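The values are calculated or read from the model by the stated rules, or taken from the named source; none is laboratory data. Everything numeric in this text was worked out from a predicted model, so none of it was measured. We place every Cβ from the backbone using ideal geometry, glycine too, and count neighbours over all the protein chains shown.
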Amino acid sequence: MLTPDEQLIRLTAEIGRRPYRQVARAEAQQRTREALLDAAVEEFTRGQWEKVSLQDLASRAKVTKQTLLRHFGSKDGLLMQALASSAAEALEQRWSAHPGDVEGAVENVLDHYEAWGERSLRVGAWLESGPPPLANLSQMARQMHYSWIEHAFGPQLDTRHGAERVRCRAALIALCDVHTWWLLSHDLGFERAEVRATITTAIERLLAEEGEVGGGSEEPPPSRKGKTQGSGRQNTQRSAEETVG
């Protein structure tokens, strides 16, 4: 038989353990959800969603089919949650780039492609070969990339107008595209530092050249203008002398 003091000590210890158990349980449930979401995204981007079973998805996440249904209700429910979660994560990560910071933008896009690059390539292929729902999703992903270019390089683009702006924006889209990353990092075998330096240098040269073209098209350089006027006066004086003679 425990004394009142001993009972109080035991009760206090039990109460202290309960929050820890609740936190641990919540963390375990969150890990289970994330594992199921990752499995769904992987199968969906591989184009195997129609073929994969609930049991397959559960096994990939190392949980039971009943656990999957308890969290998401159905296979379609899992997919909708997975796509929404992935889109929110991508938007948060991509839009963390500070506008106008070229080096920061390149770091941002490399972080994204190292985590999502292969999936992005598969999603991009749906635009030409996928069924309408997947083609629409691919188009949405492409438009997100275009919008990110406007966000990340907005200050530089805002100084350009008309055809110059269109050309600069198109070049930035290509330089920051997932296919450019794949070519440098996989086909050519560049390490991340080399990929970063190559893309950064190309962007900085593009922005410098575009600025020079835009500034030089409004008025000829003074030296050329002065030389042309001087040549004209000499020709006029020579002609007059010849006429008098």
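Results, tabulated for the structure shown:
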{"item": "Pick from the stretch 159-178, criterion surrounded by 15 or more Cβ atoms within 10 Å (Cβ to Cβ) and of a type in the set (A, V, I, L, M), ranking: farthest from the chain's Cα centre (by Cα)", "result": "A171"}
{"item": "Qualifying residues in the stretch 147-158 (those that are surrounded by 13 or more Cβ atoms within 10 Å (Cβ to Cβ) and not polar (S, T, N, Q)) - the one farthest from S96 (Cα to Cα)", "result": "L157"}
{"item": "Unmet criterion (only one of (1) touching a Cys at 6+ places or on another chain (Cβ under 9 Å); (2) surrounded by fewer than 18 Cβ atoms within 10 Å (Cβ to Cβ); (3) of a type in the set (A, V, I, L, M)) for L127", "result": "(1)"}
{"item": "Helices (runs of 4 or more DSSP H) contained in the stretch 85-172 and holding at least 2 residues under 27 Å from F44 (Cα atoms)", "result": "102-129, 132-152"}
{"item": "Complete set of residues in the stretch 72-88 that are surrounded by 14 or more Cβ atoms within 10 Å (Cβ to Cβ) and within 22 Å of H151 (Cα to Cα)", "result": "S85, S86, A87"}
{"item": "Any hit, the stretch 30-51, residues being at pLDDT 85 or above and over 24 Å from E89 (Cβ atoms)", "result": "yes"}
{"item": "Verdict on E89 being among the charged types (D, E, K, R) and out of contact with any helix residue (DSSP H, G or I) (no Cβ under 8 Å at 6 or more places or on another chain)", "result": "yes"}
{"item": "Residue check, A115 within 17 Å of E209 (Cβ to Cβ) and either loosely packed, with under 13 Cβ neighbours inside 10 Å or within 13 Å of the chain's Cα centre (by Cα) (or both)", "result": "no"}
